[in-house]
1. So which residues in the stretch 42-73 are modelled with pLDDT under 80 and either within 28 Å of Phe115 (Cα to Cα) or surrounded by 11 or more Cβ atoms within 10 Å (Cβ to Cβ) (or both)?
2. Based on what the data block shows, is Asp96 out of contact with any Ser or Thr (no Cβ under 7 Å at 6 or more places or on another chain) and either surrounded by fewer than 10 Cβ atoms within 10 Å (Cβ to Cβ) or at pLDDT below 75 (or both)?
Amino acid sequence: VTIAWELGAVRSGAAPPPHRDDTPQQRYALHLRPAAERYAIVQVGICLHAPARPPKRRRRRPDAPRTEYVSRPYNFYIFPGPDAARDICMDPASVDLLGRHGMDFGKWAGGGVPFC
């Protein structure tokens, strides 16, 4: 399972860029948490991964390693509910990027899954 979210900003300007040796706790504290607190989360993606089934005409040995996977992505727009006690803050460059890559802002604002 892979979980990802799209924020209304590319990254917080105050934090240094992520480093490959960062632990998950460091990445969360330095990058994800400050960005999620400041900018709107506009989309959540969940991707399920499962081993691919081999073709029926060719049987695999039970001990053979599986190297092929099937991925099933699911994306949800999320939008603060009417009772949410937060403002929507977005970076203009990110809005431009999201728009150029097909984000439907009408669906986001009008049909996004509400949250507080």
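The values are calculated or read from the model by the stated rules, or taken from the named source; none is laboratory data. These numbers were taken from a predicted model, which means no experiment stands behind them. Heads up, the Cβs are rebuilt from the backbone with ideal geometry, glycines too, and the neighbour counts pull from every protein chain shown.
1. Within the stretch 42-73, Pro54, Arg60, Arg66 meet the criteria.
2. Values: out of contact with any Ser or Thr (no Cβ under 7 Å at 6 or more places or on another chain): yes; either surrounded by fewer than 10 Cβ atoms within 10 Å (Cβ to Cβ) or at pLDDT below 75 (or both): no.
Against the criterion (out of contact with any Ser or Thr (no Cβ under 7 Å at 6 or more places or on another chain) and either surrounded by fewer than 10 Cβ atoms within 10 Å (Cβ to Cβ) or at pLDDT below 75 (or both)), Asp96 does not qualify.
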